[in-house]
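Heads up: the structure comes next, in structure tokens.
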Amino acid sequence: MNYNYKVQKELHSEYQLLNRARSRRQHFEKLIDSIQERIAELETLYEKLETDDPDFAIHAEVERVLYHHNASPECSQDSAVKKAG
């Protein structure tokens, strides 16, 4: 038996797995950062809205943030999790 070949093949396979895992980790780190930013934006807007400030700019900002959230590619987090799993 040629153990050198088998070990080399297994080593190559493990490196491929490692590279895919690193890629997924980077994707999820970016996704987490994006979600945290949206949460902070939404919390800030929610606090402003609770003051019942009639300022139209606040409502326009809410519309912008909600539209941006719903239109962003990261919005489909379930598909990202399924794709990485």
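The values are calculated or read from the model by the stated rules, or taken from the named source; none is laboratory data. Nothing here was measured: the structure is a model prediction, and the numbers come from that model. Cβ atoms come from the backbone with ideal geometry, glycine included; neighbour counts cover every protein chain shown. Heads up: the accessible areas ignore ligands, DNA and RNA and are worked out on the full protein's heavy atoms, side chains in. Shrake-Rupley method; radii C 1.70, N 1.55, O 1.52, S 1.80 Å.
Structure above, values below:
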{"read-out": "Residue within segment 17-40 that is modelled with pLDDT under 70 and not polar (S, T, N, Q) present", "value": "no"}
{"read-out": "Test: residue in segment 3-26 that is open to solvent by less than 80 Å² (accessible area, probe 1.4 Å), touching an Asp or Glu at 6+ places or on another chain (Cβ under 8 Å) and part of a helix (DSSP H, G or I)", "value": "no"}
{"read-out": "Pairs, first closer than 13 Å to Leu66 by Cα in segment 29-46, second surrounded by 14 or more Cβ atoms within 10 Å (Cβ to Cβ) and not aliphatic (A, V, I, L, M), C-beta under 6 Å, six or more apart", "value": "Arg38/His69"}
